[in-house]
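The structure under discussion appears below in the form of structure tokens.
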Amino acid sequence: MDRYKSIDAQLVGGNRDTGFTASQIYYLTRQILKLTSHLESHSEDYSSQRGLRKLLSRRKRLLIYLKDENTALYTKIVKNLGIRSLKGR
């Protein structure tokens, strides 16, 4: 978890502005990682599966917005968080 705290400090400059797109992507990624680890041990928890799909789609929409607005920050976030870039965009 220390790795993700340092990424948060880099992305938002130490500012805890939760309205900032990069911060929202960071926090959604943390929630996705927690939910993924939960689903590894509880594979038939369909409510959590639905919640995971909702979080993934929200993060995808934010990534699309960020890529359109600030490509440099988008590439930095994708690289630092270790997530795949968007297909066909």
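Some observations on this one:
- Spin-label pair residue 27-residue 46: with each label point 7 Å from Cα along the Cα-Cβ axis, the two points sit 3.1 nm from one another.
- Fewest-first ranking of 18, 75, using other Cβ atoms within 10 Å as the exposure measure: 18, 75
- Residue-count net charge about residue 62 - beta-carbon cut-off 12 Å; Lys, Arg +1, Asp, Glu -1: +3
Here, each number is a calculation from the coordinates, and none is a lab measurement. All values derive from a computational prediction rather than experimental measurement. Cβ atoms come from the backbone with ideal geometry, glycine included; neighbour counts cover every protein chain shown.
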